[in-house]
1. Tell me, yes or no, whether region 27-42 has at least one residue that is touching a residue at least 12 places away in the same chain (Cβ under 8 Å), within 25 Å of Glu137 (Cβ to Cβ) and not in a helix (DSSP H, G or I).
2. Looking at region 145-200, which of the residues that are closer than 30 Å to Ala67 by Cβ and not in a helix (DSSP H, G or I) is modelled with the lowest pLDDT?
3. Conditions first: (1) β-branched (Val, Ile, Thr); (2) assigned to a helix (DSSP H, G or I); (3) under 25 Å from Tyr136 (Cα atoms); (4) without any contact (Cβ under 8 Å) to a residue 24 or more places away in the chain. Thr7 passes all but one, so which condition is the exception?
4. Considering only residues that are loosely packed, with under 14 Cβ neighbours inside 10 Å and either in a helix (DSSP H, G or I) or among the hydroxyl-bearing types (Ser, Thr, Tyr) (or both), which ones fall in region 10-20?
Amino acid sequence: MAEADVTLVERTLGGDRTAFEALVAMHASRARAVARGVLGDDIAVDDVVQESFMRAYNHLGQLGEHATFPAWLSTIVRNEAVSWLRRNARVRSVDSEILKDVPQQEGASENPQLDRLRGALDRLAPQYREILMLKYEANLDYDHIADSLGISVSNVEKRLYRARQALVALLPDLAVPTAKERLLEQSEPTTKTSAPEPQP
């Protein structure tokens, strides 16, 4: 992906707008995951992502190493999301007070388990929520998460482990992995281990 980023950045700087559209398509899920890592499940996520891509386009000439575009974009998204929180802190507080007194409609939630998960994610530290979003929403592997966050793959493994533990502490019933989760773990290229021998 790094080579593709370099080519598309160079074409964009050369005036090819379709090249930047390709960059947007490649990194949209990553950008949304970073934004949700800061904002949680907020309707402002799409606005923040759109503003971040506009900022990236307008300041693309300031990017030193073109191959670092993913990490650079993630920083822009993260900063834009934090700025949005600061600008709207008072509005969000007022909205929360209003919504607190509004009775919940019976049957409004179609998936209570998903609501619990979202609620738990919102309670996590932003760095933990962000890395979980990159892994499970954007479906990035460890190398691409490392590129997005500007950290090493080993630090990705450590932070992701801690994030999972923090989530399990909030939702203890997640401690037993599902078959899908076990399959995901086994497919990680940096954590390959041989399967245990079956007991006789």
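1. Yes, region 27-42 has at least one match.
2. Across region 145-200, the extreme among qualifying residues is Lys192.
3. Here Thr7 meets the rest and fails (3).
4. Once the filter is applied, which keeps residues that are loosely packed, with under 14 Cβ neighbours inside 10 Å and either in a helix (DSSP H, G or I) or among the hydroxyl-bearing types (Ser, Thr, Tyr) (or both), region 10-20 yields Glu10, Arg17, Thr18.
The values are calculated or read from the model by the stated rules, or taken from the named source; none is laboratory data. Remember, predicted model here, so these are calculated numbers, not experimental data. Note that each Cβ is placed from the backbone with ideal geometry, even for glycine, and that neighbours are counted across all protein chains shown.
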